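Peer 1: Here it is, the structure, as structure tokens.
The values are calculated or read from the model by the stated rules, or taken from the named source; none is laboratory data. Just so it is clear, the model here is predicted, and its values are computed rather than measured. Positions of Cβ are backbone-derived with ideal geometry, glycine not excepted, and every protein chain shown enters the neighbour counts. The protein model used for the area step is the full one, side chains on, heavy atoms only, and it has no ligands, DNA or RNA in it. Shrake-Rupley method; radii C 1.70, N 1.55, O 1.52, S 1.80 Å.
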There are 2 protein chains.
Amino acid sequence: MPSMSKNLKYLTAREVFARNLKKLRMARGLSQEALAEEAGLHRTYVGSIERGERNISIDNIERLANAFGLAPSKLLENENSR
Amino acid sequence: MPSMSKNLKYLTAREVFARNLKKLRMARGLSQEALAEEAGLHRTYVGSIERGERNISIDNIERLANAFGLAPSKLLENENSR
């Protein structure tokens, strides 16, 4: 379906994670600072992750997933490719 | 179900990833060296990831997922908690 093609472009794992993180954070009404506090990370670090600037590690993926009460795999799921 | 309790212990994201990686690699009949080559990583690095010794980054999670032709989220899925 050509009309959907812009939603089906290849996203890197970083981009998928960044998008999921921001979406979840906003859905919960959390500031970057509040999420960072909950996950034991720095506010500016959360911001840079949401911009896809940092190569986040699996331990920090887990910290953020725990802050949301979700499985780490959920934060890596690409909604457009399921 | 008490008889399943040993399968339901909490596994860290590293442990889940390590287990999935090894299981997939062996299911495909690949050596650590062959997988490392395919993913553009070092053989000893793949070994240390399978032992849960390294805090792997999202970019390297993606390299390994690509080597298997799977979504990165798949390598983080905990079979025991779905």
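Peer 1: Distance between Cα centroids, the range A:6-82 to the range B:11-82: provide it in whole Å.
Peer 2: 20 Å
Peer 1: Right, another one. Taking each residue of A:51-61 in turn, how many C-beta atoms of other protein chains fall within 10 Å of its C-beta, and what is the average?
Peer 2: Taking the mean over all residues of the peptide, I get 5.
Peer 1: Another question about this same structure. For the protein assembly as shown, what is the charge dipole size about the Cα centre, in debye to the nearest 20, if Lys and Arg each add +1 at the Cβ and Asp and Glu each add -1 at the Cβ? It would help to have the intermediate numbers written out before the result.
Peer 2: On the way: 28 positive and 20 negative charges, 67 e Å.
That gives the protein assembly as shown a dipole magnitude of about 320 debye.
Peer 1: How large is the dipole of the range A:12-76 about the Cα centre if only Lys and Arg carry +1 and Asp and Glu carry -1, each at its Cβ, rounded to the nearest 20 debye?
Peer 2: 240 debye
Peer 1: Taking only the alpha carbons of chain A, what extent do you get along each of the three principal axes, in Å, biggest first?
Peer 2: For chain A, the Cα spread along each principal axis is 42, 24, 21 Å.
Peer 1: A further question follows. Give the nm distances, rounded to one decimal, from A:GLY47 to the matching residue in every other copy, measuring between label points 7 Å along Cα toward the beta carbon; shortest first.
Peer 2: 4.3
Peer 1: Now, a different point. Where does the protein assembly as shown land on Rg(C-alpha)/(2.2 N^0.38 Å)? Write down the numbers at each step before the final one.
Peer 2: Working: Rg = 16.5 Å, N = 164, 2.2 N^0.38 = 15.3 Å.
That ratio works out to 1.08.
Peer 1: Using 7 Å Cα-to-Cβ label points, what is the B:LYS9/A:LEU70 separation (nm, one decimal)?
Peer 2: Computed distance between label sites B:LYS9 and A:LEU70 equals 2.9 nm.
Peer 1: For A:SER31 and B:GLU79, what does the FRET efficiency come to when R0 = 25 Å and r is the distance between their Cβ atoms, rounded to the nearest 0.05?
Peer 2: E between A:SER31 and B:GLU79, to the nearest 0.05, is 0.10.
Peer 1: With all protein chains present, calculate the accessible area of A:LEU41 using a 1.4 Å probe and round the result to the nearest 10 Å².
Peer 2: 30 Å²
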